[in-house]
Each structure stands twice: as C-alpha cells, then as structure tokens.
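What follows draws every value from the coordinates through simple rules; no lab data is involved. Owing to the predicted nature of the structure, the values given are computational and were not obtained by experimental measurement. Backbone-built Cβ (ideal geometry, glycine too); neighbour counts: all protein chains shown.
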Amino acid sequence: MGGKQSFPIVELPHNRVVVITGANTGLGYETAKWVAMMGATVIMACRSKERAEKAMQKIQDEFQVEKAKGTPVICKLEKLSMEFMELNLGSFKSVRSFINAYKSSGRKLHMLVCNAGVALVPFTKTEDGYEVMFQVNYLSHFIMIAHLLPIMRQSGEDCRIVLVSSDAHRACNFDLSKMNYSGDPENFGRLDYYGRSKLYQIMQMHSMDRRLQGSNVSVNSLHPGMVDTEISRNFQDFRLMNAFNSVVRVFGQMKTPIDGALPIINAVVNPNLKGVGGVYFKSLEAGYSTAEARDEMKQEALWKKTLEILKDEIPEELIQELEGKS
Ligand SMILES: NC(=O)c1ccc[n+]([C@@H]2O[C@H](COP(=O)([O-])OP(=O)(O)OC[C@H]3O[C@@H](n4cnc5c(N)ncnc54)[C@H](OP(=O)(O)O)[C@@H]3O)[C@@H](O)[C@H]2O)c1
C-alpha cells in the first residue's frame, strides 16, 4: 500500500459479494483491490471487458507482491476472487442486461458500491435522451439499487450501499424543472450539472436511509477528496478546472487513489459501521453536506420526480419494495 493504512483491516468471507461499478481504474480499482485482498468476492461492473480484465490481472499481480512482502492484512487465498460483469451506465439497456444477468446468477449481494462516474464533460446526450452525467452518475445507479435491493434484503445481515458523491454538490443549483438539460449546448454548465448529479446521490441516500430503517441494509454516501485519477480525462479542455487542479497538485493537496479510496473502503468494511446509515463521509469521519442536500422536503420531491422519470425502468412492485411497503 506504500504508506499508512487507515481503514480497518478485516477478514471478509469469500462468499461476501461486493459489486463495484467503475472498478477498473481510480477509486474503484483501489477499492476492488483491497476488498478482494481482504477475502471477499468482487464483481467488477465495468463497461470495458478489456480494461476490467487488465485491472483484474494487475490486482492479482499486486496481490502476489503483497504476499511476498508478508503484508499482514491480506487473505490466505491462492488467487483473489474477482469477476467481470459488463455494465454501461450510459445505457438503460445495458443496465437492464446487468441486472438480469445478476439476478440469473442466483448470487447474494452484500455490498453495492456506486462508484463509476463522469465529471465535467461537455453537454452530451445518452441513447436514452438524458444528459450523460445525470444518467451515469445518478439515474442508472438508482435503477440498479431499485432492482438489486430485494436481493440485498435476502442476503443476510449487514448489507451496505455506498454512493460515491462529491463536495462538488456545493457548486450547483437545485431545480427539479431542469433536471435533464435541454438548453443551448454552448451554455451548458458543466460544473453545475456534475454538482447536481452528486447532490442527487446524497439526497437519495437520505431518502433511502429513512426507508431502510430497521432493515438489514444501510446506505451511506461520501466525498473522497480531490484525487489524482483518470477523472480529469473528461475535462482536458475545461481550462478553469485544469488550472484549479494544477494549483491543488502543486500545493500537495491532491490525494493518491489509495488515499482517496480510504473512505469508500472504510464504508464497505468497517465493522463499527454495521447498521449505520444516512451519513455523508468526508475522509473517515462524518462530514457536512449542504443544507439543501439535507432538506427533507427537497429530498422527497427529488425521490418522487426520479420515480416518475424512471417509471418504465422500475415496476410498481419494486417501488413498493423501495418504499419498504412490501
Ligand atoms: N477524483 C476525484 O477527485 C473525485 C472527487 C470527488 C468525487 N469523485 C467521484 O469518485 C468516483 C470515481 O471517480 P475516479 O476519480 O476514480 O474517476 P476515474 O478514474 O475516471 O474512474 C471512473 C470509473 O467510472 C467508469 N465509468 C465512466 N463512465 C461509465 C459508464 N458509462 N458506465 C460504466 N462505467 C463508467 C470508468 O470506466 P472507463 O475506464 O471504462 O471509462 C472508470 O472505471 C466518481 O463517481 C467521481 O465522481 C472523484
């Protein structure tokens, strides 16, 4: 790991199943690596088979290096348990295929880490007609949660959903009438719409937490910090953000991927967080999101509007389950 370890090291049973979206690079990669090295079975839910397979090979190689070093924290397995499943969050069709494949596998599901994301991209519409950050970061993960929650409810104690959000939610407007951008592409507010997608994740976390009280499933969200990952490939042309990133890097404030992944790994494995939900973590501590993110009326308005938007993707019986009514 190359430095201090500050997430708890726990032995995870081999049959504990952790789905991580966007696990082939950045924060998802580090999370997949350390959760697999603690012994769990990791499903790499990624859009590129090639990139996921390369990542899995790299993780297996790094595991052997850690074993040779005698790193005490890792499991006794000969080979880590990891599997690729195809998932393109920019396509509802792909999300549906992933869900169907997962259901058909008959697997349990203990941890769902909604990590994949795109940031600050120029205005782009998906094949489903939604602005890409809105769909990839928020809507598609919402659909996955709705369909996989019934499996999690049947998977035994201490199941967890983790939504990887961002403090970028501070830099946006909340306006449900403009959830899906339809204005002039030239006037598209990239930071505003990235921030909105991350705000929705925090608000969704609070709405779900209320509905999951007393159940075996908990939900939290987090901000990983400013982390030097591939995320900046999306905004090479966005001068303002690049200048900001350079300053942060120069002053040593930019985290490495493993440091950025610590709050995610912590939220997934920390035994002290069993049954703890509704927290927005910053680093390893509970942090503050904006007053807007914590506004219950706005959270419920977003929840209602989201279910309307996704009415063709989430059938009524699943809505009942999401509402905790079935
Ligand atoms: N890095 C930061 O400073 C920072 C700060 C705050 C929050 N975050 C959040 O942290 C999360 C992880 O970001 P990161 O920094 O690790 O970024 P990253 O290095 O760019 O990794 C993003 C991951 O998401 C995947 N992804 C993107 N679009 C996808 C799609 N349509 N379908 C499926 N997977 C898709 C990528 O897959 P491909 O490799 O195939 O593109 C990649 O695996 C994001 O949600 C981001 O918003 C990051």
Practice problem: Would you please report the Å³ per residue occupied by the convex hull of the alpha carbon atoms in the range 170-231? | Solution: 129
Quiz item: Hey, with R₀ at 51 Å, roughly what FRET efficiency would Leu77 and Ala171 work out to, going by the Cβ-Cβ distance, to 0.05?
Solution: 0.75
Quiz item: About its Cα centre, what dipole magnitude does the range 2-115 give when the only charges are +1 on Lys and Arg Cβ and -1 on Asp and Glu Cβ, stated in debye to the nearest 20?
Solution: 260
Quiz item: With no solvent and one point per C-alpha, what does the Debye sum give as log10 I(q)/I(0) for the chain at q = 0.09 Å⁻¹?
Solution: -0.43
Exercise. Could you list Trp34, Trp303 in order of exposure, starting from the residue whose Cβ has the fewest other Cβ atoms within 10 Å?
Key: Trp303, Trp34
Quiz item: Where in the chain are the DSSP H helices whose C-alpha atoms run 18 Å or more along the long axis and whose mean Kyte hydropathy is at least 0.0?
Solution: 140-153
Practice problem: Multiply the residue gap between Glu317 and Arg233 by 0.36 nm, knock off their C-alpha separation, and tell me the result in nm, one decimal place. | Solution: 26.3 nm
Exercise. Determine the sum of side-chain charges near Phe98: Lys and Arg each +1, Asp and Glu each -1, restricted to other residues whose C-beta is under 14 angstrom from that of Phe98.
Key: +3
Quiz prompt | Segment Glu86-Lys125, extension gain: residue separation times 0.36 nm, minus the distance between their alpha carbons | solution = 11.9 nm
Quiz item: Tell me, what does the Kirkwood hydrodynamic radius of the range 21-122 come to in angstroms if you use every pair of distinct C-alpha atoms?
Solution: 14.4
Self-check item: Simple Cβ-charge dipole of the chain, Lys/Arg +1 and Asp/Glu -1, about Cα centre, in debye nearest 20
Solution: 560
Self-check item: Under Karplus coefficients 6.51, -1.76 and 1.60, residue-wise ³J(HN,Hα) of the range 282-295 in Hz, glycine/proline x
Solution: 10, 6, 9, 9, 5, x, 9, 9, 6, 4, 5, 4, 9, 7
Quiz item: Out of the range 119-214, which GluC sites (Glu not before Pro) are coil in DSSP terms and have no more than 11 other C-beta atoms within 10 Å?
Solution: Glu157
Quiz prompt | Among the listed pairs Lys298/Lys325; Lys93/Lys304; Lys33/Lys76; Lys58/Lys198; Lys58/Lys79, those beyond 18 Å (Cα-Cα) | solution = Lys298/Lys325; Lys93/Lys304; Lys58/Lys198
